[in-house]
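Derivation of every value follows stated rules applied to the coordinates shown; laboratory data play no part. On a predicted model such as this, the values are computed, not experimentally measured, just so you know. Reconstructed Cβ throughout: ideal geometry from the backbone, glycine too, with neighbour counts over all protein chains shown.
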Amino acid sequence: MTEKIILAYSGGLDTSVAIRWLKEERGYEVVALTVDVGMDRERETLQSRALAAGASRFVWRDAQETFIRHFAFPALAAGARYQCQYPLATALSRPLIARELVEVARAEGAAAVSHGCTGKGNDQVRIDVSVQALAPELKIVAPLREWEMDRESEIAYAEEHKIPVSVTRASPYSIDENLWGRSIETGVLEDPWQEPPADVYQWTKSPSGAPAEPAYVEVGFERGMPVSLDGKQAAPVTLVKRLNELAGEHGVGRIDSIEDRLVGIKSREIYEAPAAVTLLAAHEALEQMTLSKDQRRLKERIAQEYAELVYNGLWFSAHHQNLAAYIQSTQRHVTGAVRLKLHKGSATAVGRKSPYSLYDFSLATYDKGDTFDRTAAVGFINIWGLPVRVQSQAQLLHDD
Ligand code: ARG
């Protein structure tokens, strides 16, 4: 009996060719699975393309809500940015796609799963490690790691086998997108000295071409999760989509960086993440007001650790569960609202309020109504500085 394989299908050249290749060269019955995490693709187009390429079935799963609620928003609450920059859009989608692959494989009684990741990226690691964690019995076949084709030969293979791929839509870049952001690689971007050409960006206006007048938006949070825009409740997906548009219009969310891949190479990466960048700024502003100094200090370190683990494909690990538990417990009072100013490429928090605010006007003010006991400061400094005075007199003052 022919074995079944479930292929994570994006509709692009690689995975379309992969359908035929898995069928002809490996003898599988191929089920194409598209997990919709918010990319600009039409279900009907993908379905007919997958079937024409040789898939026996096409499965479409709408995972937008799950993606935002259970992957992107927890990463937001963590404050996760890989190497201080990348909000991890692609990285966060991979464990979800892997989980869907496993679910469909089980429902279909498949023996294997497949994906279109190359052999030198992070995505292969994320998907493979996730599948292995969830379903060690499944085989994983990654055609792009096995075949010897370059882009030219893939196009030739597609033509020869009458696989429909819109070569007109073929862009010079490798693009991955979902609601949390857009990742762009390859082509001229591989020269790190080259400024990205304007056509790289699709979601964001250039800051210089953005409106001269700033826009203001108020984001409401409950326990670290965004719940409203401008005072109106908004479902997660709606909220992110609206912010992508609004902040993108003001040129917010462009990132151009050199990044360290898990497989050891440095690569030039361009990202557009208007909603993610805006929400990260808002969330951080609210934490400044609602977390103690100690909480902020440790959480900043945990955020880095969390970003690393997401980037490195360890979503389904005990380490993740541990860090997530810590992060969740820090978010209990991260409730309130932040007003942001979007202007020419930047999203700046300009106002914040919370029912759990630790900011106390009467303690902070230099004006009337001050309740801070400044006479106590002298005693405090005496004791705080004691070890410094002792050491200074015993040692440092004698240094030459
Ligand atoms: N460098 C980013 C990451 O590892 C983006 C990867 C983009 N993937 C793609 N297929 N274009 O998360």
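Which entries in the list Lys293/Lys341; Lys162/Lys205; Lys241/Lys341 go over 28 Å, if you measure between the two C-alpha atoms of each?
On the way: Lys293/Lys341 26 Å; Lys162/Lys205 38 Å; Lys241/Lys341 18 Å.
Pairs exceeding 28 Å: Lys162/Lys205.
Please get the size of the charge dipole for the chain, origin at its Cα centre, with Cβ charges of +1 on Lys and Arg and -1 on Asp and Glu, quoted in debye to the nearest 20.
On the way: 45 positive and 54 negative charges, 243 e Å.
Here the chain has a charge dipole of around 1160 debye.
Just tell me which aspartates and glutamates come within less than 13 Å, Cα to Cα, of Lys353; anything on the same chain fewer than 8 places away is out.
Output for Lys353: Glu218, Glu222, Glu284, Glu287.
So, by mean Cβ neighbours within 10 angstrom, what's the order for 92-104, 224-236, 206-218, 366-378 with the highest one leading?
Values: 92-104: 23.5, 224-236: 15.8, 206-218: 13.0, 366-378: 8.7.
Result, highest mean first: 92-104, 224-236, 206-218, 366-378.
Please say if the stretch 1-64 is rounded, prolate or oblate, where rounded means a/c under 1.5 for a ≥ b ≥ c the square roots of the C-alpha gyration tensor eigenvalues, and otherwise the choice is prolate for a/b larger than b/c and oblate otherwise?
Numbers: a/c = 2.24, a/b = 1.77, b/c = 1.27.
It comes out prolate by the Cα gyration axes.
Check the straight Cα-Cα distances from Lys23 and name the aspartates and glutamates below 13 Å, setting aside those fewer than 8 residues away within the same chain.
Result set, ordered by chain and number: Glu3.
Compute log10 of I(q)/I(0) for the chain with the Debye formula, placing one identical point scatterer on every Cα and leaving out solvent, at q = 0.08, 0.09, 0.13 Å⁻¹, to two decimals.
-0.51, -0.62, -1.12
Just grab the label-to-label distance for Asp399 and Ala215, each label 7 Å out from Cα along the Cβ direction, in nm (one decimal).
Roughly 5.4 nm, to one decimal.
Could you derive backbone 3J(HN,Hα) for the stretch 198-205 from the dihedral phi with the Karplus parameters 6.51, -1.76 and 1.60 (θ = phi - 60°), listing whole Hz in sequence and x where the residue is Gly or Pro?
Using θ = phi - 60°, the values come out as 4, 6, 5, 8, 10, 9, 10, 6 Hz.
Could you work out the relative contact order of the chain, using alpha carbon pairs under 8 angstrom and six or more residues apart, expressed as a whole percent? Could you put the intermediate results ahead of the total?
On the way: 725 pairs, mean separation 71.8, N = 400.
Computed value for the chain: 18 percent relative contact order.
Out of residues 5 or more away from Val59 or on other chains, whose amide H comes under 5 Å of its own, with H placed 1.01 Å from N in the peptide plane?
Ala32, Leu33, Thr34
Quick one: if you stick a label point 7 Å off each Cα along the C-beta vector at Ser228 and Thr348, how many nm between them?
Output for this residue pair reads 2.6 nm.
What shape does the stretch 233-306 have by the C-alpha gyration tensor, where a ≥ b ≥ c are the square roots of the eigenvalues, rounded means a/c under 1.5, and otherwise prolate means a/b greater than b/c and oblate the rest? It would help to have the intermediate numbers written out before the result.
Details: a/c = 2.27, a/b = 1.03, b/c = 2.20.
Oblate is the answer for the stretch 233-306, as a/c is 1.5 or above yet b/c matches or exceeds a/b.
Give me the percent of Cα-Cα pairs in the stretch 127-232 that sit more than 23 Å apart, rounded to a whole number.
Values: 3411 of 5565 pairs.
Pairs farther apart than 23 Å: 61 percent.
For the chain, list the DSSP H helices whose alpha carbon atoms reach 18 Å or more along the long axis and whose average Kyte-Doolittle value is -1.0 or above? Display every interim value, and only then the final one.
On the way: long enough: 89-108 (29 Å, 0.31); 236-249 (20 Å, 0.00); 274-290 (24 Å, 0.58); 293-311 (27 Å, -1.32); 318-330 (19 Å, -0.46).
Sorted by number, the helices that extend far enough and score high enough are 89-108, 236-249, 274-290, 318-330.
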